[in-house]
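The values are calculated or read from the model by the stated rules, or taken from the named source; none is laboratory data. Given the structure is predicted, the values throughout are model-derived calculations rather than measurements. Accessible surface areas use protein heavy atoms only, side chains included; no ligands, DNA or RNA. Shrake-Rupley method; radii C 1.70, N 1.55, O 1.52, S 1.80 Å.
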Amino acid sequence: MRSINHHLLTLLLAALVFGGGGTLRAQDVGEVDEGVVFEKFLDGLKSNESVDETRQQAALSAVAEAQVNDAPLAVAMALGLQALYPDFEEAITLANREESNIEGLRELYTLSRSKDRFLAAEAAYVMARTLFAQQRYEECLPFLERLRGDLADKTIRHGDVLYHQGMALANSLDKESAIALLAQYLEDYPDASDRLRLSAQATLDGIIGVLDGSVDDIADHMDFSQRRLSFEDSGEKTQEVQGKIVAMLDKIIKDAEEQQQQQQQQQQQQGGQGQGQGQQQQQQQGSGEGQTAGGNASPQNDPKNLRNLSGAAKSEWDDLRQRARETDALSGLKSKYPPRYRELVEQYFRDLQQGEDGDPEGDATPPSNNSDTTP
């Protein structure tokens, strides 16, 4: 969502991560008893003296109604907190509106530091989910980490948190961490919704199946850079990824060129062998049939008049055939890339083509990073 003020949001998140002492280590939440957490929430709700009795009763009623309707405990807790804290409910509403999103996120951030740790946990969860929905995966991670860290015993959304953390890491190109968390999610939560489990499994399979430096890996890095640039983020991480994109493009095209050269050399060697055999046969025929009475070779069979086939590979037609093969080998790359980067890849190919045509400046040098950092 481009309407969000990126710099303001960055300051909020920096305050969270660095002001709180950095990234928190996740606790082992597998042993957290959700029933115990819920009972502690209810006890705290009943004994909460910081709110008036009317809101307290409204919160208890919201929880009771949710239980009657067989709502999950996490939903019952969320409804109770919204009834207990109207400003929390208002922050959620604001965050879900494009025109007031940044204001809602600011309120959610404040509530995530609340003395009521159950409120802090739920506000952090809503904050993380809102940022995740906006594809701000890097920004949502600190909140998810808190829910698996110091707020782990104040929420019962552990499976959901683990899933979103793994998916956010995958989209942030942290493959190793994403594999670990998504595998843990699939193992620890066999009864999770089919939608989330299928999504986690597909993402896990996709990460494992992508080789470093492959076309798919390049496309993943381009998706990352395109996403960050859509938020007007051209910071160090984005620039680092862009540099890696160009380096991987360079290598994969160089590998394709070397493969084409090897194939061409093999074809030339095969052609040379065939030519040598043909010349030998022709010479044998000339020695038997082309002799004059005086023993001299016939003028029409003079070796100087034979065609020099070894130069055929240097013809313009051969150049055209070679370029056609290179185009076939490399054209599949461009279809993998997001639209934003097709121009970059096509320009790279144009530069490469100019180098083959003898352009003094066409040395197959990829375009500079400046060409793909404009939002």
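For region 102-210, what is the convex hull volume of the alpha-carbon atoms per residue, in Å³?
92
How many percent of Cα pairs in region 119-163 exceed 17 Å?
18
Report Rg (one decimal) and Dmax (nearest whole number) for region 160-233, counting Cα atoms only, units Å.
My reading of the Cα-based Rg and Dmax gives 13.0, 39 Å.
Just the number, please: carbon plus sulfur as a percent of the accessible area of region 153-228, 1.4 Å probe, no ligands or DNA/RNA counted.
50
Across region 35-43, in residue order, what do the Karplus-derived ³J(HN,Hα) couplings come to in whole Hz, using 6.51 cos²θ - 1.76 cosθ + 1.60 with θ = phi - 60° and x for Gly and Pro?
x, 5, 4, 5, 5, 5, 5, 5, 4
Any idea what % of Cα-Cα pairs in region 35-180 are farther than 24 Å?
That tail contains 32 percent of the Cα-Cα pairs.
On average over all directions, what projected area in square nanometres does region 59-106 have, based on the convex hull of its Cα atoms?
3.4
Distance cut-off 25 Å, Cα to Cα: go down the list 175/244; 115/175; 175/237; 115/237 and report the pairs above it.
Checking Cα-Cα distances, 115/175; 115/237 exceed 25 Å.
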